[in-house]
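The values are calculated or read from the model by the stated rules, or taken from the named source; none is laboratory data. Fair warning: this is a prediction, and the values are worked out from it, not measured in the lab. A quick note on method: Cβ atoms are made from the backbone with ideal geometry, for glycine too, and the neighbour counts reach across all protein chains shown. Heavy atoms of the whole protein, side chains included, go into the accessibility calculation; ligands, DNA and RNA do not. Shrake-Rupley method; radii C 1.70, N 1.55, O 1.52, S 1.80 Å.
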Amino acid sequence: MARVLLRVPTTAEKGSVIEIRALIQHVMETGYRPNAQGVVQARDIIWHFTCRYDGEVVFSAALSPAIAANPFIAFTTIATESGPISFTWEGDNGFAQTETRHITVT
Amino acid sequence: MNLTRRVLLSAPAALLLPTPTRADQQRLAAALQEFTGGAALREGRVRIEISPLVENGNAVPISVSVEAPMTAADHVRRIGVFNERNPQPHVITAQFSPRSGRAYVATHIRLATSQALVAVAEMSDGSFWSQRVEVVVTLAACIEG
């Protein structure tokens, strides 16, 4: 499991716009870079990121090799109700990881 | 005489400026065309925030925001970021909905060399808006070894 850094507010006022920041440890190998032996290394990137709020997709992004290693994504969403916010990263070589945080909306 | 000397001395500085080839420009244009589906692309509403002088091209902070009320009737559907001179023109394509609250996305990107970046927003009414910025990169991302 790759290490993940998530900044999600634990509490929020109903209807307010909250900012979410997500970072995951990953090499994001571009597929254009030769190694020490001069052989171009195969692409190994995370190509999709999804954020679900209470099961509904509120943000998603398609990533390319132009995204830096340890991809960082910041975005916003509206705090609608208390519930789980889950984050899914999908990548090459069957990479898939999901993390969940809980938000309390008052 | 003085003028000639000045022109000659300033010539190396001109070499530092990005000089996109026609192939780069065509590739970027093709990527934009694919994103818009041939619809007209207008300047404005989109704001890219990136340092104009980048020291390290391996991780360049960039954020894109769009002026939009983000209501069901008027919101941003997608934001796409494209580059001119990396091996691939695509950078990131993000999907939004009225639940986003704001049309905003930030990330860290790689830049192979000094080049232009274009951000395009698709609105819920089907119109496309864009902004183009030029960035100078002093240390390129090691994408080609």
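Rg/Rh for the protein assembly as shown: what does it come to with C-alpha atoms and Rh from Kirkwood?
1.03
Multiply the residue gap between A:THR104 and A:SER16 by 0.36 nm, knock off their C-alpha separation, and tell me the result in nm, one decimal place.
Full extension from A:THR104 to A:SER16 adds 30.4 nm.
Test of understanding: given chain A, find the longest segment containing no trypsin sites (Lys or Arg not before Pro) that are in a DSSP loop and have at most 14 other Cβ atoms within 10 Å. Show your work: numbers first, answer last.
Values: sites that count: A:ARG3, A:LYS14.
Between exposed loop sites, the widest span is A:15-106.
Given labels modelled 7 Å from the Cα in the Cβ direction, how far is it in nm from B:GLN26 to B:SER63?
3.9 nm
In peptide A:55-61, how many Cβ atoms from other protein chains are near each Cβ within 10 Å, on average?
Rounded to a whole number, the mean comes out at 5.
Once the dipole of chain B is set up with Lys and Arg at +1 and Asp and Glu at -1 on Cβ about the Cα centre, which of B:GLN25, B:THR4, B:LEU139 lies farthest towards its positive end?
B:THR4
Among B:GLU122, A:GLU56, A:GLU13, A:GLU90, what's the order by accessible area (1.4 angstrom probe), most exposed first?
A:GLU13, A:GLU56, A:GLU90, B:GLU122
Between A:ASN93 and B:VAL136, what is the FRET efficiency for a Förster distance of 35 Å, r being their Cβ-Cβ separation, to the nearest 0.05?
My answer for the efficiency is 0.50.
Quick one: how many Å² of B:ASP125 are accessible to a 1.4 Å probe, rounded to 10?
Accessible surface of B:ASP125 is approximately 110 Å².
Compute the Kirkwood hydrodynamic radius of chain B, taking the inverse of the mean of 1/r over all pairs of distinct Cα atoms, and give it in Å to one decimal.
For chain B, the Kirkwood estimate is 16.5 Å.
Under a plain spin-label model, where a point goes 7 Å from the Cα along Cα-to-Cβ, how far apart in nm are A:SER82 and B:ALA73?
A separation of 3.5 nm, rounded to one decimal place.
Points 7 angstrom from Cα along the Cβ direction at A:VAL40 and B:GLU43: gap in nanometres?
3.6 nm
Per DSSP H run of n ≥ 4, the term is -39500 (n - 2.57); total these for the protein assembly as shown, divide by its residue number, and report the mean residue ellipticity at 222 nm rounded to 500 deg cm²/dmol.
Taking each H run of at least 4 residues, the total per residue is -4000 deg cm²/dmol.
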